[in-house]
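Okay, so here's the structure we're looking at.
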Amino acid sequence: MATPSDIATVHTVPEAIHRRRWAILVVLMFSVLIVVLDNSILNVAMKTISSPEPTGLGATQSELEWAINSYTLVFAGLLFTAGLCGDRYGRKKVLLAGMVVFGIGSVLAAFSGSPGELITYRAVMGLGGALVMPATLAILMNVFERDEQPKAIGIWVAAVGLAIAIGPITGGVLLDHFWWGSVFLVNVPVVIVGLIAMVVLVPDSRDPKPGRLDPIGVLLSIVGLIALVYGIIKGGQLADFTDPEVLGTIGLGVAVLALFVWHEKRSDHPAVDVSYFRKPAFSAAIAAIALVFFALMGVTFFIVFYTQSVRGYTPLESGLLLLPLAVAQLLFAPRSRLVVERFGARAVCTGGMVVIAATLAGFLLLDTDSPIWVLEVLFFLQGAGMAHIMPPVTVAIMQALPRDKAGSGSALNNTFRQVGGALGVAVLGSLLSTTYRNGIDDDLAAVPGLSDAQRHTAGESIEATLGAVQRMGEQGRALVEPAHDAFIHAMHVTALSAAGVALLGALVVAVFLPGKEPGAGPGQEPGKKAGEEPAARAGSDGAGAAGGAPERGHDEPNTLEAHR
């Protein structure tokens, strides 16, 4: 009969892989770094890209939104299929392919000659990102035992914080010395280093019983998301959500997404297994990810215009202002599992969502001349809130599924994060645009010599108004202060709306995410007696240490091709 000490030495992955698991995690963080790095760099570069040629591409606000969302929509639309491909053909193979595609898309985006080309090549980068992200979490779940997974995922999430810090600073330095395309070209050396390390260290793994691909489901999800987001962005651009084109595309998007859900429920090989959502803890964790990124991505979109267009900071200075957000994630994300062990996932995630809602409402304190330390404090608290949400909900999602379905679980986690972010940029970006236009229209109408078309273009964003000011010279200087005031008001309205979304997320988490079971102490799984070994070590089913989501199937076979 095996003793607890004997059980503790049993690993569900080969010992050679288990010994180098932390080195593998570092390599996987390279892939996370490259995907998040690109988006955080782009946030700093948006003002430059919106500048007229030769400085930028002269992109409008709606084109900037599409430069972000073309990546996000392709990423989100293909994540399910990419996760299944990794489960079927090998996660390492898919990871390497994604890194190559991402590198090629970065080179093409760097040399874009128009906003349209940039939007297209960003979509190529989205394809690469879709192949990369599910594979990283799936590999992580297969090289770490269950009791170490929360710690590993916390470090993995901290890599996002590192990328948030490095991205804007790197982008600022590049924009101070090179042309705007350098913010994409910088991805190439990171891709090369990452590819070499992955070939040498990362093992391959796959699902021994993979599901069939679902091209109809993938097509429906992409068409539905694109139509929905296009309608929302178009409504903001026109400042009229009753326009027939806007209503038609939004209605089409909703109808196609409803058809997608109907198809997935009846398919014997769905891109998304909707049966997962029957578990309240799983659904609550997914909803928390979507809502927090809806709120944060929408706010991140406008804050760069506040720091650069209103406050006059350079791209590098704007990047440095984001440091507190990243530092907080780096400090708290790896340690969040300890807080979850003591208080339970429900209390920790609810508290994190409330903190984020409070910081978003705190943007009401910002004006044209507010002390900049106020923004820094808000960023730090925002990062701390995120650090106590992302690791526990990610653990809850990943441990709710069998280990050999890790690719599908990772795809769901990343899909709802990206869809939430895309809708946040579209909805809150359109709200910002509409509110700004309403605030500046009367001042534009008072300027002599502007045609209706010129007024419409100048009223789309603060950057468009300031561009018109430069073209008009002295005559247009009277517009600067009204433009700043209109933007501040629009920012306040948008931030307050985002805070409401975050509070909704807090309510969902508080109601549906499992709490801490009685008798579970710090460092101990809920439902386990003191000294009892975690279930994954013994190869039996058990409850998750974070999130309390039940695990099933970890004793099923999983093919791990170790490159010893």
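Condition check for LEU322 on (1) in contact with a Lys or Arg (Cβ under 9 Å, 6 or more places away or on another chain); (2) surrounded by 24 or more Cβ atoms within 10 Å (Cβ to Cβ): one failure, at (1).
Being under 17 Å from the mean Cα position of the chain (by Cα) and either of a type outside the set (Ser, Thr, Tyr) or not assigned by TED's automatic domain parsing to the domain that holds VAL188 (or both): is that true of ALA123 here? I'd like the intermediate steps shown before the answer.
Numbers: under 17 Å from the mean Cα position of the chain (by Cα): yes; either of a type outside the set (Ser, Thr, Tyr) or not assigned by TED's automatic domain parsing to the domain that holds VAL188 (or both): yes.
Yes, satisfied.
Restricting attention to segment 473-492, the residues that are among the hydrophobic types (A, V, I, L, M, F, W, C) and surrounded by fewer than 18 Cβ atoms within 10 Å (Cβ to Cβ) add up to 2.
Report yes if THR12 is touching a Gly at 6+ places or on another chain (Cβ under 8 Å), modelled with pLDDT under 75, farther than 27 Å from ASP176 by Cβ and surrounded by 24 or more Cβ atoms within 10 Å (Cβ to Cβ), otherwise no.
no
Among SER309, SER283, SER336, SER318, which is closer than 18 Å to ASN413 by Cα and at pLDDT below 85?
On the way: SER309 fails: closer than 18 Å to ASN413 by Cα; SER336 fails: closer than 18 Å to ASN413 by Cα; SER318 fails: closer than 18 Å to ASN413 by Cα.
Result: SER283 is the single residue among SER309, SER283, SER336, SER318 that is closer than 18 Å to ASN413 by Cα and at pLDDT below 85.
For segment 170-192, does any single residue satisfy the condition of being of a type in the set (Ser, Thr, Tyr) and either over 17 Å from ALA67 (Cβ atoms) or not assigned by TED's automatic domain parsing to the domain that holds LEU57 (or both)? Yes, segment 170-192 contains at least one residue that is of a type in the set (Ser, Thr, Tyr) and either over 17 Å from ALA67 (Cβ atoms) or not assigned by TED's automatic domain parsing to the domain that holds LEU57 (or both). From the list VAL218, VAL223, the lone residue that is at pLDDT below 85, touching a Phe, Trp or Tyr at 6+ places or on another chain (Cβ under 7 Å) and not assigned by TED's automatic domain parsing to the domain that holds MET141 is VAL218. Per the listing LEU108, LEU84, LEU131, the residue uniquely surrounded by fewer than 23 Cβ atoms within 10 Å (Cβ to Cβ) and part of a helix (DSSP H, G or I) is LEU108. I'd like the full set of residues that are within 21 Å of LEU79 (Cα to Cα) and either at pLDDT below 80 or among the hydrophobic types (A, V, I, L, M, F, W, C) (or both), limited to segment 188-201. Matches in segment 188-201: VAL191, LEU195, MET198.
In this structure, does LEU118 turn out to be part of a helix (DSSP H, G or I), in contact (Cβ under 8 Å) with a residue 24 or more places away in the chain, under 15 Å from the mean Cα position of the chain (by Cα) and closer than 30 Å to ARG437 by Cα? So LEU118 fails the test.
Summed over segment 169-207, residues that are in a helix (DSSP H, G or I) and buried (at least 19 other Cβ atoms within 10 Å of the Cβ) total 13. Among the residues of segment 311-319, at least one is in contact with an Asp or Glu (Cβ under 6 Å, 6 or more places away or on another chain), farther than 23 Å from ILE397 by Cβ, assigned by TED's automatic domain parsing to the domain that holds GLY167 and part of a helix (DSSP H, G or I).
The values are calculated or read from the model by the stated rules, or taken from the named source; none is laboratory data. Note that the structure is a prediction, hence the values are computed from the model and not measured. Cβ atoms come from the backbone with ideal geometry, glycine included; neighbour counts cover every protein chain shown.
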